[in-house]
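In what follows, a structure is listed as structure tokens, so that the remarks can point back to it.
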Amino acid sequence: MSADIKEIVKQIYGPIIKYRHPIRDPGLAVRVLRDEYRLIVDTRKVALAFAAFYNGRPVLFEGPPGTGKTEIGYAILELWAGKTPFLLPCSENYDEYRVIGDFHPLMAMQRGFTEESFIPRVILAAMILGSGVLVDDVRRSSEELQNLLLDIIDKRRIVVPELRRTFYTDDPGFQFIFTSNPDDIAQNELSDAFLRRVVRIDFDYPDPSLEEEIVKIRMLDEPLLPGDVLSRMKQVIGRLRKTAFYKPGTADLVLWTKLAQSLAKMRGSDRVSRRDAYESAWSVLYKRIEDGELIARVLEEVLGIGGEKS
């Protein structure tokens, strides 16, 4: 008997899916995001995303890098469906065969273009399993792929003509969140048709007090990060956001604090020093060669430590 696509999907992807009770109340979701995922998310963002899902609409999280779009989107999809979502990082060369499925060349030669030789990919797997899909950096995809995804979302079906099969779903867990950085000039524009169909939710850098709260909930429990050192690190981030080519996000600040804490711990210290902050800064902040002199100057002015980058 020939293999069935649905069984193949369960064999390949089933082991990576974890289940929990779905949460579709925005207030409860916000509490769970904070307590379990260590994410601080505005209730309005969660409510808008859930409202979009109730209406069968995909969501677009748009904003600068490092503002939590991917991590928050992934967590929201998981809470909504009660299942592990799929992550699809976009690329210009992605087409229907890379996101829906394709035939294994050797198996197709031996057995023909049948379900046994068909390799299901992320979108088809998510539809069959009733999971959400986080489409990361959608602007890196082609307009053809965007239109394909919108058609799948609208009709909640996938047609595989080579197999003469059409797959349908009415599982409410099959939802999409797209992420996008509109200021990245290396990416493509989103089509008018795409923008008309999505529910767009803006992301931006949080205000200083909220950013500090996010850092404190995400950083390591020990060693201690003194308030003065954290304040200086925030000043560095704030100045670079205004003038650097690479504008560090909250995620960069969180990583910076963790690296500084880890350096202090390996040195046997029970608290993070400005030296720890300085030596870990370059690994996080230095992404563009044009920013080297600016970073060195800002670190010296704010942390009071200069020299070659570590």
### Task
Please give the per residue accessible area of segment 87-208, computed with a probe of 1.4 Å over protein heavy atoms only, in Å².
50
### Placed amide H near residue 271: partners under 5 Å, 5+ positions off or other chain
224
### Query
How large is ³J(HN,Hα), in whole Hz, for each residue of segment 204-213 in order, when computed from phi with the Karplus curve 6.51 cos²θ - 1.76 cosθ + 1.60 and θ = phi - 60°, using x for Gly and Pro?
8, 5, x, 5, x, 5, 5, 4, 5, 5
#### Entry: Backbone HN-Hα couplings from phi across segment 271-276 [Karplus 6.51/-1.76/1.60, Hz, Gly and Pro as x]
8, 7, 9, 4, 5, 4
### Cross-link reach list, lysines versus residue 155, counting only Cα pairs under 21 Å and skipping chain neighbours closer than eight places
6
### Accessible surface, segment 1-80, averaged per residue in Å² (probe 1.4 Å)
52
### Message
Sort 274-286, 147-159 by packing, meaning the average of other beta carbons within 10 Å per residue, with the highest value first.
### Response
274-286, 147-159
### Task
Over all alpha-carbon pairs of segment 226-306, lay out the pair-distance distribution in 5 Å bins, whole %, shortest bin first.
3, 17, 30, 27, 16, 6, 2, 0
### Query
In straight Cα distance, which lysines are under 23 Å from residue 216, not counting same-chain residues fewer than 8 positions off?
45, 69, 234, 247, 258, 265
### Percent of Cα-Cα distances greater than 34 Å, calculated over the chain
35
### Query
Karplus couplings for segment 151-164 from phi (6.51 cos²θ - 1.76 cosθ + 1.60, θ = phi - 60°), rounded to Hz, Gly and Pro as x?
5, 5, 5, 5, 8, 6, 8, 10, 9, 10, x, 4, 9, 6
### Message
At 1.4 Å probe size, with the rest of the protein present, what percent of the exposed accessible area of the chain is carbon and sulfur atoms?
### Response
50
### Query
Near the amide H of residue 119, under 5 Å away, which other amide H atoms are found, from residues 5 or more places off or on another chain, if H is placed in the peptide plane?
102, 103, 104
### Query
Under 5 Å between amide H atoms, partner at least 5 residues away or on a different chain: which partners does residue 60 have, H built in plane at 1.01 Å?
178, 199, 200, 201
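Express the relative contact order of the chain as a whole percentage, based on alpha carbon pairs under 8 Å and six or more residues apart in sequence.
On the way: 496 pairs, mean separation 58.5, N = 310.
Relative contact order here is 19 percent.
The values are calculated or read from the model by the stated rules, or taken from the named source; none is laboratory data. Just so we're clear, the structure is a prediction, and the values are computed from it rather than from any experiment. A quick note on method: Cβ atoms are made from the backbone with ideal geometry, for glycine too, and the neighbour counts reach across all protein chains shown. Please note that ligands, DNA and RNA were not included when accessible areas were found on the heavy atoms of the full protein model with its side chains. Shrake-Rupley method; radii C 1.70, N 1.55, O 1.52, S 1.80 Å.
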